[in-house]
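Contents: one structure, followed by commentary.
The values are calculated or read from the model by the stated rules, or taken from the named source; none is laboratory data. All values derive from a computational prediction rather than experimental measurement. Positions of Cβ are generated from backbone atoms using ideal geometry, with glycine treated the same way; all protein chains shown enter the neighbour counts.
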Amino acid sequence: MALFGGGGSSYRVKAVFDNAGQLLPGNQVRVGGQPVGTISDIALDDQANAVVTMDVDDTVGPLHQGTTATIRATSLSGIASRYVSLKPGPNSNSRIEATGSFRNERRSCCLSRERMSSVEQFPR
């Protein structure tokens, strides 16, 4: 089963993050490292969580409950070089309908250079 390709239409879904720092509309959405869509919008909900709207290729959707999304850096050299990595949930779980949303269970984002420099080094 191919998860990428380009069937011409897309499936819109929203992921909710505690923090979507340095993520921008137009950044890629990937599954297994392969581009499958783009981020179309980032907004705040009423609890100040980041709601990231993604348009993914219809060969990936519909996603199922249990899907996780992680914000990753393409490299340490770019300020806004981020993408969302999706790990689809099992097909046996209920579907996330188009324009539906899911709460990201992984609360971590990416490790930036700034955060790396502030990590305390422990002796070995």
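Values for this structure:
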read-out: Ala48 being among the small types (Gly, Ala, Ser) and in a strand (DSSP E or B); value: no
read-out: Criterion (at pLDDT below 90 and not small (Gly, Ala, Ser)) met by exactly one of Thr74, Thr38, Thr53; value: Thr74
read-out: Of the criteria (1) at pLDDT 90 or above; (2) outside any loop (DSSP other than H, G, I, E, B), which one Tyr11 fails; value: (1)
read-out: Which numbered condition Gly61 fails, given (1) over 14 Å from Arg12 (Cα atoms); (2) over 11 Å from the mean Cα position of the chain (by Cα); (3) buried (at least 19 other Cβ atoms within 10 Å of the Cβ); (4) not basic (Lys, Arg); value: (1)
